[in-house]
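Take a look at the structure set out below.
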Amino acid sequence: MSDVQVTDKADEHRYEARIDGELAGFAEYLLTDELVVFTHTEVDPAYEGKGVGSALARFGLDDVREQGTRTVMPQCPFIKGWIERHRDYVPLVYGA
């Protein structure tokens with residue numbers, strides 16, 4: 001299986017993960033002046049267990065960190081749980 005490629009589809013307010021050009025999953029977000037609110041993450045059942053969700057979380061959170069202008073509000077249970085397992089991302093969380 002090929003690597004997971006993640007891109008920011010800013011016009012659709014979501015990060016998309018693709019494998020061999022096929023949409024494997026996405027993480028939706030909302031933007032405010034101060035926050036990136038992760039609202040929903042979904043992985044196609046055909047790609048579950050292949051690191052798609054983790055690739056989406058890492059890419060999205062790294063993107064927020066790199067931009068350096070907003071903090072994260074993880075309303076999505078997957079993103080919230082991922083941050084809890086990867087503690088180096090906790091400082092990105094609003095109110096942390």
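Values quoted throughout were computed directly from the atomic coordinates according to the rules given, and no laboratory measurement underlies them. Everything quoted here is computed from the prediction, not taken from an experiment. Counting neighbours? That spans all protein chains shown, and the Cβs are built from the backbone with ideal geometry, glycine included.
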Subject >> At most 16 other Cβ within 10 Å, DSSP loop - GluC sites (Glu not before Pro), the range 1-80 >> reply: GLU34, GLU48
Original post:
Per the helix-only calculation at 222 nm, which mean residue ellipticity applies to the chain, given -39500 (n - 2.57) for every DSSP H run of n ≥ 4 and division by its residues, nearest 500 deg cm²/dmol?
Top reply: -8000 deg cm²/dmol
Original post:
Tell me, what is the percent relative contact order of the range 13-96, built from C-alpha pairs under 8 Å that lie six or more residues apart?
Top reply: 26
Original post:
For the Cα atoms of the chain, what angle does the longest principal axis make with the long axis of helix 52-67, in degrees from 0 to 90, nearest 10?
Top reply: 40
Subject >> Built amide H within the under 5 Å cut-off of MET73, gap 5+ >> reply: VAL36, VAL37, PHE38, TYR94
Subject >> the range 30-95, dipole about Cα centre (Lys/Arg Cβ +1, Asp/Glu Cβ -1), debye to the nearest 20 >> reply: 200
